[in-house]
Amino acid sequence: MNRKGLGSIGIVVLLVIGGWTFFNSPFNLSQGYDTRSQEGISILEVGAQEPGDRPVKTFTLKAQETEWDLGEGKQVNAWTYNGTVPGEALRVTEGDFVRVHLKNELDVPVTIHWHGVLLPNKMDGVPGLTQDAVEPGESFTYEFIANDPGTYWYHSHQHSAVQVDKGLYGSFVIEEKEPEYARDEFFILDEWATGSGDQGSFRKGGMMQGHMSGDGEMDTKQLYDTFTVNGKSGDAIEPLVMEKGETARLRFVNAGYQQHQLVFPEGSMEVIANDAEEVSGENGSPQIVEIAPGERIDVAYTKQGEETEVIAENPEVENAEDMMIPVVSKENADRPQSVTVSSRSEIANGTSFGSEAILFKETPDPDVTYNMDLSMGMKMGEGMSFQINNQTFPDTPPIRVTEGDIVRVKMTNSGMMNHPMHLHGHRFQVDSKNGQKYNKPIVKDLIHVKPGEEYVVYFKADNKGEWLFHCHDNNHADLGMVTIVDYEGVYSPFNLEGKNQPD
Ligand SMILES: [Cu+2]
């Protein structure tokens with residue numbers, strides 16, 4: 001893995017801040033993941049799915065370089081699936097057999113990861129772990145059964161810090177056989193660095209020289225200057241056309257690395273799903289919902305009046321004016337320029353609601369316990385790092401499981417940045433926060449762990465393979481915050497080094 005140091009100014013500022021750990025051991029006791037020393041069968045032999053008599057939905061996604069217009073006079077050099085940001089919107093119906101041909105027309109290797117989809121390990125799109133990165137001019141076919149209806153997205157998992165940043169992502173919906181809502185819309189939120197004209201510049205330094213806000217977001221705020229919804233910013237965002245009283249299912253995904261807080265008209269919506277799991281709660285109808293990087297939140301939204309309304313970023317956030325979705329009627333297409341936030345509004349987030357279907361009725365007795373300490377550090381001579389248990393990937397200790405195990409993971413954030421931790425191939429139940437058990441727990445595949453917070457989650461090891469568990473601020477993953485759920489009896493035949501860059 002290629003790690004570049006940050007500028008010395010950034011490091012000095014970090015030293016002054018304190019509250020973080022040094023990574024100073026020259027001897028890495030190799031407790032990390034080693035793809036070649038595993039025993040058993042290859043992950044390629046595990047869990048293949050056949051179409052049988054299911055409907056087959058076939059798509060082709062071409063990874064391409066595109067000059068993309070964000071609107072507001074801002075052009076970026078983007079990498080796309082099929083020429084647009086986001087890439088082609090994919091929709092299938094539960095029970096379909098999905099076949100996606102990836103053709104790589106870029107001059108760098110890419111993959112596709114199906115974020116949140118429970119599928120066979122070898123279709124997970126993680127280079128060096130579940131496949132080799134797809135070389136320029138080459139193709140790869142992903143095949144899986146769309147079993148679980150809900151909101152998903154797809155993105156490259158090859159050097160994600162750069163590739164997702166440059167636009168290699170799109171929406172993926174598994175519709176229910178009988179959808180509850182006639183209107184169904186998808187919104188992907190993102191941030192761009194247009195000032196430098198260079199997405200994915202995190203490693204090149206410059207971080208930490210300002211914006212010492214204490215909200216765990218100072219690194220992303222420093223990097224990105226433009227927010228987008230479905231690849232467009234500000235006035236270029238396409239309005240949603242709805243009539244008074246009409247209800248729509250709105251699916252939101254945060255493809256960026258900064259959390260977003262969306263403000264809705266008071267009393268206009270209910271949160272109905274999170275990370276593809278149906279949810280409900282006693283909190284009624286929140287006005288503001290926070291969406292962590294990588295997280296998905298679905299709401300049932302009803303247009304309140306005849307006049308134009310707006311769903312927009314909390315105006316307290318810098319660059320909020322970029323992220324405004326006007327909801328207009330056919331007769332009145334005025335674009336509103338401001339948002340009204342009620343002084344009473346609390347901010348709901350991914351753990352404010354409970355799941356309709358939970359994994360464990362009671363806190364289970366775990367077979368495996370893993371304490372995951374999330375911290376910032378520095379590798380002497382190499383610059384800053386984001387660590388799991390004082391190590392950077394692939395030296396982080398893996399979570400070793402046997403099929404059927406119940407796994408308890410306690411995540412503690414002892415650093416100063418937010419870490420949206422995402423588990424591939426499984427969903428976990430969030431049991432407690434800071435030692436406080438949830439009365440109505442939620443089932444998710446991503447949990448936003450903020451500085452000082454501690455979450456305990458449980459999952460069942462029921463999908464044999466080698467699966468990533470990582471921070472979805474891909475800049476943090478790139479600098480080490482990744483580990484692997486490593487099943488006994490299987491191994492990856494791929495190599496984490498060389499062209500493959502799983503983070
Ligand atoms: Cu992180």
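Looking only at residues of the range 292-322 that are surrounded by 24 or more Cβ atoms within 10 Å (Cβ to Cβ) and farther than 14 Å from LEU250 by Cβ, we find that the one that is modelled with the lowest pLDDT is ASP322. The residue that is nearest to ARG408 (Cα to Cα), counting only those in the range 360-392 that are of a type in the set (S, T, N, Q) and assigned to a strand (DSSP E or B), is THR369. Yes or no: VAL117 in a loop (DSSP other than H, G, I, E, B) and among the hydrophobic types (A, V, I, L, M, F, W, C)? In short, yes. Whether a residue is modelled with pLDDT of 90 or more, of a type in the set (A, V, I, L, M, F, W, C) and not in a strand (DSSP E or B) was assessed, and ALA357 passes this test. In the set GLU382, GLU362, only one residue is among the acidic types (Asp, Glu), more than 16 Å from the ligand (Cβ to nearest atom) and either in contact (Cβ under 8 Å) with a residue 60 or more places away in the chain or crowded, with 19+ Cβ neighbours inside 10 Å (or both); that residue is GLU382.
For every residue, the table says whether it meets (1) touching a His at 6+ places or on another chain (Cβ under 7 Å); (2) buried (at least 23 other Cβ atoms within 10 Å of the Cβ); (3) under 30 Å from ALA48 (Cβ atoms).
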| site | (1), (2), (3) |
| --- | --- |
| LYS440 | no, no, no |
| GLY452 | no, no, no |
| PHE459 | yes, yes, yes |
| ASN474 | no, yes, yes |
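Exactly one residue among SER492, SER432 is surrounded by fewer than 24 Cβ atoms within 10 Å (Cβ to Cβ) and out of contact with any Gly (no Cβ under 6 Å at 6 or more places or on another chain), and that residue is SER432. The set of residues in the range 411-421 that are more than 10 Å from the ligand (Cβ to nearest atom) and either surrounded by 24 or more Cβ atoms within 10 Å (Cβ to Cβ) or of a type in the set (Asp, Glu) (or both) is empty.
Restricting attention to the range 124-161, the residues that are under 19 Å from HIS472 (Cα atoms) and without any contact (Cβ under 8 Å) to a residue 60 or more places away in the chain add up to 1. For GLN501, state whether it is under 22 Å from HIS159 (Cβ atoms), polar (S, T, N, Q) and either away from the ligand (no atom under 16 Å from the Cβ) or at pLDDT below 95 (or both). Criteria met by GLN501.
Condition check ((1) within 14 Å of the chain's Cα centre (by Cα); (2) more than 18 Å from ALA292 (Cα to Cα); (3) in the same structural domain as GLY216 (by TED's automatic domain parsing); (4) aromatic (Phe, Trp, Tyr)) across all residues:
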residue: VAL430; (1), (2), (3), (4): no, no, no, no
residue: LYS437; (1), (2), (3), (4): no, yes, no, no
residue: LEU446; (1), (2), (3), (4): yes, no, no, no
residue: PRO451; (1), (2), (3), (4): no, no, no, no
residue: TYR458; (1), (2), (3), (4): no, yes, no, yes
residue: ASP462; (1), (2), (3), (4): no, yes, no, no
residue: HIS472; (1), (2), (3), (4): yes, no, no, no
residue: THR483; (1), (2), (3), (4): no, yes, no, no
residue: ASP486; (1), (2), (3), (4): no, yes, no, no
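Restricting the range 443-489 to residues that are small (Gly, Ala, Ser) and assigned to a loop (DSSP other than H, G, I, E, B) leaves a set whose member that is farthest from the ligand (Cβ to nearest atom) is GLY489. Look at the range 473-501: where a residue is on the phi > 0 side of the Ramachandran plot and a partner is within 16 Å of the ligand (Cβ to nearest atom) and part of a loop (DSSP other than H, G, I, E, B), sitting 6+ places away or on another chain with Cβ atoms under 6 Å, you get GLY480/THR392; GLY480/PHE393. The strands (runs of 3 or more DSSP E) found wholly in the range 217-265 include none carrying at least 1 residues that are among the acidic types (Asp, Glu). Quick one: in the range 422-442, of everything that is outside any strand (DSSP E or B) and of a type outside the set (Gly, Ala, Ser), which residue is nearest to the ligand (Cβ to nearest atom)? Filtering the range 422-442 for residues that are outside any strand (DSSP E or B) and of a type outside the set (Gly, Ala, Ser), the one nearest to the ligand (Cβ to nearest atom) comes out as HIS424.
Within the range 173-199, the set of residues being closer than 24 Å to ASP69 by Cβ, touching a Ser or Thr at 6+ places or on another chain (Cβ under 8 Å) and outside any loop (DSSP other than H, G, I, E, B) comprises PHE186, ILE188, LEU189, ASP190, GLU191, TRP192.
The values are calculated or read from the model by the stated rules, or taken from the named source; none is laboratory data. Just so it is clear, the model here is predicted, and its values are computed rather than measured. Glycine gets a Cβ as well: all are built from the backbone with ideal geometry, and neighbour counts include every protein chain shown.
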